[in-house]
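This report concerns only the one structure given below.
Values in this text are rule-based calculations from the coordinates and carry no lab data. Note that the structure is predicted; figures quoted are calculated from it, not measured. Positions of Cβ are generated from backbone atoms using ideal geometry, with glycine treated the same way; all protein chains shown enter the neighbour counts.
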Amino acid sequence: MGFWKTWFSTPESVSATKSAAFEEHTASTGDPSANSDRIVFSTERDIDLYELEELCDAVGWSRRPLRKVKKAIEHSFLVASMWQVRGNQRRLIGFARATSDHAFNATIWDVVVHPDFQGKGLGKALMKYVLKKLRSEEISNVTLFADPHVVDFYRTMGFMSDPEGIKGMFWYPH
């Protein structure tokens, strides 16, 4: 249980207060002129699909049909978003979702953080938020698929490649 305790203790750089579906975290965005910026996490599913598409475009992901993205969000066990709040304006800067059997297992999908906010610990904060939410539902086995250039990021968070020698198998239509 020690591994999980390290994930869910609040670091000094991030303090949390809860309100409905949003959890506010004051975190450094690395921009000294952005003192009034707040980073807010949410499990609210009502996400503007065009704003999500812009976020995915910013990191170079291929476009997906919005009707299918909407369906994926609707059928996800958990949807997590990360927002930059400046005054009355908010901007989607991170997103992740998870599917689950609602008992033991979950798979994390579509983890994305806007390039302007990468390298500042916010991707790690988003992942900790997702893992905390999954653990609060007593999900004990969490998997994900990662592109080769981000595997090391997930390793630093405790994810392991093939921990029990199980080889993943995939089926794709020809």
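Annotations
- Sparse packing (at most 13 other Cβ atoms within 10 Å of the Cβ) combined with a DSSP loop state is found for the following chymotrypsin sites (Phe, Trp or Tyr not before Pro) in region 76-117: PHE104.
- ³J(HN,Hα) computed for each position of region 123-133 - Karplus, 6.51 cos²θ - 1.76 cosθ + 1.60, integer Hz, glycine/proline x: x, 5, 5, 5, 5, 4, 4, 4, 4, 4, 5
- For the pair ASP48 and GLN118 in one chain, pulling the backbone fully straight at 0.36 nm per residue adds 23.0 nm over the alpha carbon distance.
- Overall form of region 124-174 per C-alpha gyration tensor (a/c, 1.5; a/b vs b/c): prolate
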